[in-house]
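First the structure, in the form of structure tokens, and then the observations on it.
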Amino acid sequence: MSAFNLSERMLKQDAFSLQEKISIVARLSVPGILAQVSDIIMQYIDAAMVGVLGASASASIGLVSSSTWLVGGIIGAAASGFSVQAAHAVGAGDNRRASSLFRQSLGFTLLFSSLIAAIGASIAPSLPRWLGAEQSLWKDAFAYLACFCMFLPLRQLNRLCANMLQCSGDMKTPSIMLSLMCLLDVVFNFFLIFPTRVISFAGMSFTVYGAGLGVLGAQLGTSLAVLVCAALLFYAAAFRSQILCFANSKSSWIVQKDVLAKACRIGVPMALEGSALSLAQIVSTMIIAPLGTTAIAAHSFAVTAESICYMPGFGIQQASTTLVGQSLGAKRKDLTRSFAWITVFAGIAVMTLTGAVMYVFCPYVFQFLTPVKEVQELGAHVLRYELLAEPLFAASIVVTGALRGAGDTFVPGIINLISMWGIRLTLAWFLSKRIGLSGVWIAMAIELSCRGIFFLIRLKREKWLNKGGL
């Protein structure tokens with residue numbers, strides 16, 4: 001069912017059977033899930049490439065990963081502030097407004113991301129030292145973060161166009177682009193990370209030229225992949241999308257006050273929430289850093305390994321945001337409620353399955369990611385603690401998407417803030433001093449379980465259903 005047909009049926013007050021609702025959720029979720037899975041597969045290969053360089057190289061990236069998540073969360077919030085409004089417009093059948101919102105969002109978000117990039121680049125040289133890492137990690141960590149910041153406006157464009165297409169009902173194009181980005185990432189990394197070398201294959205030897213940039217090459221490869229896909233997504237949204245196409249609206253490129261005000265009501269709580277969570281991750285990194293290079297590397301690889309379990313949940317989250325946003329735009333609270341719960345149950349089912357599979361096979365996953373035996377053993381050991389929390393982690397992910405589609409971002413931000421800072425970090429600090437890295441991951445499992453319960457309670461109470469008018 002196309003976005004046009006779905007929104008048209010919503011506006012006509014058509015009834016949807018449970019089977020139809022499940023089918024709609026599946027059609028919107030599957031492309032997102034496949035894209036996220038392909039993303040994780042490429043991240044595995046990416047991590048394995050860097051892992052060949054040794055534990056120090058992996059630790060350098062792991063050291064600043066929480067900082068890149070912080071910045072990524074902020075630009076993601078800026079994109080969502082406009083894309084959720086677009087979902088409501090599509091649900092109301094106002095495609096001209098959706099196109100206008102896309103046009104207005106471009107200049108503002110690119111200017112905003114440029115400012116964030118400048119701030120990030122200015123603190124990149126000092127950040128590794130502030131985090132308390134060994135001096136041997138400083139150079140590579142700085143290079144990785146600085147390169148990330150340089151390409152931030154392109155990352156913003158990529159995120160904005162993907163969000164806009166998803167909220168207009170087009171899940172396929174962003175999914176294809178994400179898969180392409182992951183493939184390009186691996187190809188670019190192959191030539192940028194390693195130096196020129198001789199490779200033997202099928203009895204033949206040949207020379208492969210490489211830049212030999214190491215850790216910097218890993219980020220540069222990713223950034224170049226983002227550049228290509230950002231350009232393609234912009235073309236798809238601005239010139240090919242039947243809803244967002246620039247030809248559908250001749251409005252000003254300057255963001256209107258009411259649009260900006262609504263974007264801030266949605267995006268600012270998300271940005272503050274993301275900042276609080278990412279700052280908590282940075283504090284968590286400071287807790288882990290004194291445990292040594294092996295612990296940092298094991299933690300980084302465990303986070304990468306676990307992502308195959310939770311990233312499908314984010315694919316379903318995207319579908320939940322789209323369906324809830326369009327349903328509320330069409331003033332169909334019955335559909336809003338149904339789509340929210342169906343997507344939540346789907347997320348729990350998928351992530352419970354992926355968590356169970358990972359619990360069994362994680363030792364083999366770590367053997368693929370790194371050749372360092374100590375890192376393999378510690379990473380697999382700590383990851384299994386957190387995998388027990390995967391079902392409730394799924395609930396928190398998908399409920400967040402549903403609430404976001406309704407424009408309810410303030411209370412979820414408070415929930416995440418209390419959960420992360422009040423439960424995870426407190427427990428991680430206390431337990432790490434007694435049982436090392438295992439304590440950090442036990443704290444994570446407890447906190448994710450509590451967070452899932454909190455979000456299910458928020459969804460059940462249904463106060464968020466009144467947020468649709470923004």
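The values are calculated or read from the model by the stated rules, or taken from the named source; none is laboratory data. All values derive from a computational prediction rather than experimental measurement. Backbone-built Cβ (ideal geometry, glycine too); neighbour counts: all protein chains shown.
Any chance segment 438-453 includes a residue that's within 17 Å of residue 343 (Cα to Cα), modelled with pLDDT of 90 or more, crowded, with 22+ Cβ neighbours inside 10 Å and not polar (S, T, N, Q)? Yes, there is a match, as at least one residue in segment 438-453 is within 17 Å of residue 343 (Cα to Cα), modelled with pLDDT of 90 or more, crowded, with 22+ Cβ neighbours inside 10 Å and not polar (S, T, N, Q).
Kindly provide the set of residues from segment 1-60 that are among the aromatic types (Phe, Trp, Tyr) and at pLDDT below 70, ordered by number. Matches in segment 1-60: 4, 44.
You will find that of 108, 102, 190, 194, the residue that is crowded, with 21+ Cβ neighbours inside 10 Å and of a type in the set (Phe, Trp, Tyr) is 102 and no other. Set side by side, the residues 168, 205, 200 differ, and just one is polar (S, T, N, Q) and crowded, with 20+ Cβ neighbours inside 10 Å, which is 168.
Taken together, the criteria place residue 309 among residues that are within 26 Å of residue 184 (Cβ to Cβ), at pLDDT below 90, in a helix (DSSP H, G or I) and not small (Gly, Ala, Ser).
Within segment 204-216, residues that are within 25 Å of residue 151 (Cα to Cα) reach partners that are part of a helix (DSSP H, G or I) and modelled with pLDDT under 85 with beta carbons closer than 6 Å, at six or more positions or on different chains, in the pairs 215/57; 215/60. Of all residues assigned to segment 316-331, at least one qualifies as being within 20 Å of residue 399 (Cα to Cα), more than 13 Å from the chain's Cα centre (by Cα) and surrounded by fewer than 24 Cβ atoms within 10 Å (Cβ to Cβ). Of the candidates 339, 345, 314, 361, the single residue that is assigned to a helix (DSSP H, G or I) and farther than 26 Å from residue 90 by Cβ is 361. Does segment 227-285 hold any residues that are assigned to a loop (DSSP other than H, G, I, E, B) and either at pLDDT below 75 or not aromatic (Phe, Trp, Tyr) (or both), and which are they? Hits for segment 227-285 are 241, 242, 243, 244, 245, 249, 250, 251, 252, 254, 255, 256. Filter segment 381-426 down to the residues that are β-branched (Val, Ile, Thr) and more than 25 Å from residue 442 (Cβ to Cβ), then identify the one that is surrounded by the most Cβ atoms within 10 Å (Cβ to Cβ). Per the stated criteria, the residue is 409.
Tell me, please, whether a residue that is touching a residue at least 40 places away in the same chain (Cβ under 8 Å), part of a loop (DSSP other than H, G, I, E, B) and farther than 30 Å from residue 293 by Cα can be found in segment 451-462. Yes; the residues of segment 451-462 include at least one that is touching a residue at least 40 places away in the same chain (Cβ under 8 Å), part of a loop (DSSP other than H, G, I, E, B) and farther than 30 Å from residue 293 by Cα. In segment 248-266, the residue that is surrounded by the fewest Cβ atoms within 10 Å (Cβ to Cβ) out of those that are without any contact (Cβ under 8 Å) to a residue 40 or more places away in the chain and more than 25 Å from the chain's Cα centre (by Cα) is 257. In segment 423-444 there is at least one residue that is out of contact with any Phe, Trp or Tyr (no Cβ under 7 Å at 6 or more places or on another chain) and closer than 30 Å to residue 465 by Cβ. Screening 359, 310, 385, 364 for residues that are within 25 Å of residue 178 (Cα to Cα) and aromatic (Phe, Trp, Tyr) leaves exactly one candidate, 310. The listed residues are 113, 136, 99, and the only one of them that is among the hydroxyl-bearing types (Ser, Thr, Tyr), over 21 Å from the mean Cα position of the chain (by Cα) and within 24 Å of residue 61 (Cβ to Cβ) turns out to be 136.
For segment 425-441, the criterion of being over 20 Å from residue 317 (Cα atoms), in contact (Cβ under 8 Å) with a residue 12 or more places away in the chain, assigned to a helix (DSSP H, G or I) and touching a Cys at 6+ places or on another chain (Cβ under 9 Å) is satisfied by no residue at all.
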